[in-house]
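These notes are about the structure you will find just below.
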Amino acid sequence: GCILDGKLYPFGEIARTENCYTCTCTRDEMRCCSLFHMPLNYDKENCKVIFNKEKCDYDVVQKSDPSKECFVYSRV
């Protein structure tokens with residue numbers, strides 16, 4: 001298998017690792033892509049970014065009330 005962040009994964013396709021990546025593990029290499037997209041354009045003065053490990057994505061919420069989401073104009 002392959003080791004990523006100290007955890008052993010089996011050969012083949014890995015749909016989701018503990019740290020929110022999708023990977024392919026072969027005898028020669030391990031290739032991974034993130035399942036999350038970084039928010040770029042949002043109201044940085046009134047909002048903050050929090051990583052949501054359950055959803056494997058970033059939540060952008062109001063600083064004054066984190067229970068309310070902020071609009072995100074673009075992600076990468």
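Derivation of every value follows stated rules applied to the coordinates shown; laboratory data play no part. Just so it is clear, the structure is predicted and the values come from calculations on it, not from any experiment. Virtual Cβ from ideal backbone geometry, glycine too; neighbours counted across all protein chains shown.
Things to note:
- Database remark: amide H of residue 75 closer than 5 angstrom to the amide H of 40 (H placed geometrically; neighbours at sequence offset of 5 or more, or on other chains; Pro and chain starts carry no H).
- Remark on the chain: hydrodynamic radius 14.1 angstrom, per the Kirkwood mean of 1/r across alpha carbon pairs.
- Cβ-isolated cysteines (cut-off 4.7 Å), the chain: 33
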